[in-house]
Amino acid sequence: MTTEIKNEIKQRYGKIALSGNSNCCCMPGECGTGTSPIESAGLIGYDAKDLESIPQSAILGVGCGAPIKLADLKEGEVIVDIGSGAGIDAFLAANVVGKSGKVIGIDMTDEMLEKARKNAKDGKYDNVEFKKGDVEDDIPLPRYSADAVISNCVINLTIDKTKAFKEIYRILKKGGRMIISDLITSKELQMHETNSEQWCACIDGALTKENYLDAINNAGFKNISVLDERIYMEDNARKITSLVIKALKE
């Protein structure tokens with residue numbers, strides 16, 4: 001099942017990169033409503049003026065929050081974006097950290113990496129690079145690489161959340177911070193109850209809030225705080241909530 005889910009994720013997000021259509025992955029508003037990716041980004045907290053400042057093809061409509069708004073990025077910092085997709089958060093971060101800083105996007109989908117690298121080239125982003133990597137297995141960066149790690153609705157796609165958070169912890173500098181947006185659920189599913197399509201839609205792989213925060217704590221993070229929380233979707237079976245979480249590496 002693990003291999004099936006990973007392959008489905010790569011396939012699904014590869015198609016999104018090629019088509020520019022989110023197919024209802026991790027973003028409210030688009031599914032059958034006619035709402036554009038840019039409009040959907042506004043629904044979850046992105047600023048329209050900020051979005052105008054980056055390559056428009058980087059905005060695909062695959063996220064569940066805007067963690068970068070709460071990341072308190074500073075000029076000269078090194079930022080790592082996990083699951084960077086076509087580069088929306090990487091380019092927004094690059095505009096803040098400036099030429100003296102650097103942003104590294106990590107993604108495991110070849111099509112997304114190709115699109116992001118083209119966006120960086122077309123936008124003349126010399127302070128951004130994109131690398132292939134899987135947050136569960138090995139982020140291709142040495143220890144103490146980043147001042148901050150950002151991620152938008154990606155960790156819930158992993159099978160082993162604690163392992164993913166340990167990799168993020170490894171690449172952070174001492175005193176570094178993780179700021180991520182993700183989805184939690186009121187009722188977790190057992191692996192045999194899940195299907196790969198719903199997992200790719202950021203639903204079936206979601207943890208409860210308690211278990212999600214425990215996974216962060218078990219990875220070694222301290223001062224874990226929920227910066228934003230809102231209902232994402234709700235039906236008779238369960239409630240899905242979007243969180244923005246900050247945690248520190250002491």
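Any read-out appearing in this document is the output of simple, stated calculations on the displayed coordinates, not a laboratory observation. The structure displayed is predicted, hence computed values, not measured ones. Here Cβ is always computed from backbone atoms with ideal geometry, including for glycine, and neighbour counts include all displayed protein chains.
Just a few scattered comments:
- Across the range 107-250, the mean sequence separation of Cα contacts (distance under 8 Å, 6 or more residues apart), normalised by length, yields a relative contact order of 23 percent.
- Fraction of antiparallel bridges per DSSP, the chain only, in percent to nearest 5: 50 percent
- Protection-proxy order for peptides 95-107, 44-56, each taking the mean of Cβ atoms within 10 Å per residue, highest first: 95-107, 44-56
- Site pair Asp138 and Asn236 shows an inter-label distance of 4.8 nm when each label is modelled 7 Å from Cα along Cα→Cβ.
- In this structure, the amide hydrogen of Leu172, modeled 1.01 Å from its nitrogen in the peptide plane, lies closer than 5 angstrom to those of Tyr144, Ser145, Ala146, counting only residues at least 5 positions away or on a different chain.
- Applying both filters, DSSP loop and at most 14 other Cβ atoms within 10 Å, to the chymotrypsin sites (Phe, Trp or Tyr not before Pro) of the range 74-175 gives Tyr144.
- Structure remark: mean-square fluctuation, Gaussian network model of the chain, C-alpha springs under 10 Å; the largest value among Ile231, Ile88, Ile179 belongs to Ile231.
- Across the range 129-156, the residues whose backbone nitrogen lies under 16 Å from the label position 7 Å along the beta-carbon direction of Lys173 are 142-150.
- The trypsin sites (Lys or Arg not before Pro) of the range 127-193 meeting both criteria, a DSSP state outside H, G, I, E and B (loop) and at most 11 other C-beta atoms within 10 angstrom of the site's C-beta, are Arg143, Lys187.
- Here the chain is treated with +1 on each Lys and Arg Cβ and -1 on each Asp and Glu Cβ, and its dipole about the Cα centre works out to around 700 debye.
- For the chain, the relative contact order comes to 18 percent (Cα pairs under 8 Å, sequence separation of at least 6).
- The chain, Cα convex hull volume normalised per residue, Å³: 109 Å³
- Along the axis of the charge dipole computed for the chain (Cβ charges of +1 for Lys and Arg, -1 for Asp and Glu, origin at the Cα centre), the listed residues Met108, Thr162, Ala94 are led at the positive end by Ala94.
- Pairs spanning more than 30 Å between alpha-carbon atoms, out of Lys121/Lys163; Lys69/Lys239; Lys74/Lys166; Lys163/Lys239; Lys132/Lys161: Lys121/Lys163.
- Among the listed pairs Lys15/Lys174; Lys49/Lys115; Lys6/Lys209; Lys10/Lys124; Lys6/Lys49, those whose Cα-Cα separation exceeds 29 Å are Lys15/Lys174; Lys6/Lys49.
- FRET efficiency for the pair Glu4 and Val226, taken as 1/(1 + (r/R0)^6) with r the Cβ-Cβ distance and R0 = 25 Å, rounds to 0.20.
- Furthest towards positive pole of dipole, Tyr212, Leu18, Asn236, structure part the chain, Cβ charges: Tyr212
- Springs join every pair of Cα atoms under 10 Å in this Gaussian network model of the chain, and among Thr208, Thr109, Thr185 the largest mean-square fluctuation is at Thr208.
- Coupling constants for the range 172-182 follow from the phi torsions by the Karplus curve (6.51 cos²θ - 1.76 cosθ + 1.60, θ = phi - 60°), and in residue order they are 7, 6, 4, x, x, 9, 10, 10, 9, 10, 7 Hz; glycine and proline get x.
- Within a Gaussian network of the chain (alpha carbon springs, distance under 10 Å), most fluctuating of Met112, Met233, Met178: Met233
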